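Each value in this text was obtained by applying a stated rule to the coordinates, not by laboratory testing. Computed from a predicted model, the values in this text were never measured in an experiment. Here the Cβ positions follow ideal geometry from the backbone for every residue, glycine too, while neighbour counts run over all protein chains shown.
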Amino acid sequence: MAEELAFNKPKVELHVHLDGAIRVETIVDVAERRGMTLPVATVEEMRDLCSLKNPSTLTEFLSKFNHYMPFIAGDREAIKRIAYEFVEDKAKEGVIYVEARYSPHLLANRDVEPIPWEQKEGDLTPDEVVNLVNQGLNEGEKAFKTKARSILCCMRHMPKWSMDVIELCKKYRNDGVVAIDLAGDELMDTKAYPEHKQAYEEAVKSGVHRTVHAGEVGPPSVVKEAVEVLKAERIGHGYHTTDDQALYRRLLEENMHFETCPISSRMTGACDPDFTKHPLIRFREDKANYSLNTDDPLVLNSNLHKDYEVAKKFMGFTEEEFQRVNINAAKSCFLPEKEKRELVHQLCEAYGMVEHTCF
Ligand SMILES: O=c1[nH]cnc2c1ncn2[C@@H]1O[C@H](CO)[C@@H](O)[C@H]1O
């Protein structure tokens, strides 16, 4: 008999890295097609290599990308394929709307300095990467009926890419790209460099939506900077906001959206490995505005059902709270207003709620 799911209803996912959500089978397949040598012999060994087994650090977590990104980066077919398969996987998890994020530069091999993953210079630019991902998401959306949009990531340690990122957000805003993000290792580098600030200023000026990874493993000051300097409309993770009570209270009042990722937060060492002590419990009790997300299912060897399961089993989540969480996610998504309202309506219908009582 199939295992009972913690929340078997339509869901919205706002924080998931496209390059952290690739199928292991696809990595192996692409490597073989490209005649590249894999470090291990089987899919299962590759899964082991790409994923963390025990709670660790964000730095260690991010180092897992080194094992598989070289096989995908620079390959047009692979990039389109991972986007398409991503939508299929989300549809199977009952996600009806998803925002997938990635760094176009980390998948390119031309017009990017330095060229990532020790690739030789090729002819795939960050611009074309965005185009390919858009095609894959779009075709996936048509095939699997899950709406998919994307968020382009600036990387904390690569400030010189950030102005390209905002220009790509502007160029593709009518073709699937809904926002800008700032990702990467907060522990190694917590400061927002002038180039990141400039990119976010341009985002504000040109009406591009903004989210920022902050307070994941870093202190609340990073969250404060995200809100005050980068004008973030949502916070990626944000667990450590609760370490500064005044800031936490203020963001609760402002209805700031926190994109939380329970399983990820344990494995990156962002939070106490004991889920019963997780800041998400505080968010729930305070009726904060937050969503539940996977972050990087490949690196976590996990899926969205498991995040919901953890919330139910260890954090006291009920069906009603899961519904509230998803309606908040829909209300905080980066779709245009009309599409956002339709999404909220779709959830209310699926949850059997009358619209005006729909929180
Ligand atoms: O949990 C996280 N915190 C910060 N950065 C992350 C996390 N997961 C992935 N990435 C980084 O974001 C890039 C673009 O998708 C990934 O390549 C990875 O370096």
- Task: Give me the number: length gained by fully extending E45 to R249, i.e. 0.36 nm times residue separation minus the C-alpha to C-alpha distance, one decimal in nm.
- Result: 68.9 nm
- Give the residues of segment 180-217 whose amide nitrogen is closer than 20 Å to a point set 7 Å from the Cα of S56 in the direction of its Cβ. 183-189, 216-217
- Message: Starting from the 7 Å offset along Cα-to-Cβ, what nm value, one decimal, do you get for the label separation of R173 and E88?
- Response: 3.4 nm
- If you put +1 on each Lys and Arg Cβ and -1 on each Asp and Glu Cβ, how big is the dipole of segment 143-215 around its Cα centre, in Debye rounded to 20? 360 debye
- Tell me the label-point distance for the pair D29, R76, using the 7 Å Cα-to-Cβ offset, in nm and rounded to one decimal. 1.9 nm
- Of the residues S221, S63, S332, which exhibits the maximal mean-square fluctuation in a Gaussian network model of the chain defined by a 10 Å Cα contact cut-off? S63
- Of P220, C348, A6, which is farthest on the positive side of the dipole of the chain, counting Cα position, with +1 on Lys and Arg Cβ, -1 on Asp and Glu Cβ, and the Cα centre as origin? C348
- Looking at segment 271-335, which trypsin sites (Lys or Arg not before Pro) are DSSP coil and have at most 13 other C-beta atoms within 10 Å of their C-beta? K287
- Message: Below 8 Å between Cα atoms, with a sequence gap of 6+, how large is the relative contact order for segment 156-246 in percent?
- Response: 28 percent
- Taking +1 at the Cβ of each Lys and Arg and -1 at the Cβ of each Asp and Glu, which of H157, N131, S51 sits farthest along the dipole of the chain towards its positive end, judged by Cα position relative to the Cα centre? N131
- Task: Give me the net charge of A203's neighbourhood, meaning all other residues with Cβ under 11 Å from the Cβ of A203; Lys, Arg count +1, Asp, Glu -1.
- Result: +1
- Query: Do any trypsin sites (Lys or Arg not before Pro) in segment 135-193 lie in a loop, going by DSSP, with at most 13 other beta-carbon atoms within 10 Å of their beta carbon, and if so which?
  - Reply: K145, K191
- Label-to-label distance, nm, for residues given as E113 and S221 (7 Å Cα→Cβ offset): 3.2 nm
- How big is segment 11-351 by the Kirkwood estimate over distinct Cα pairs, in Å? 19.9 Å
- Which listed residue (G269, Y68, H209) has the Cα farthest towards the positive end of the charge dipole for segment 11-351, taking +1 on Lys and Arg C-beta and -1 on Asp and Glu C-beta about the Cα centre? H209
- Given +1 on the Cβ of Lys and Arg, -1 on the Cβ of Asp and Glu, and no further charges, what dipole in debye does the chain carry about its Cα centre, rounded to the nearest 20? 620 debye
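Rounded to the nearest 500, what is the 222 nm mean residue ellipticity of the chain from helices alone, with -39500 (n - 2.57) per DSSP H run of 4+ residues and division by all residues?
Rounded to the nearest 500, the figure is -13500 deg cm²/dmol.
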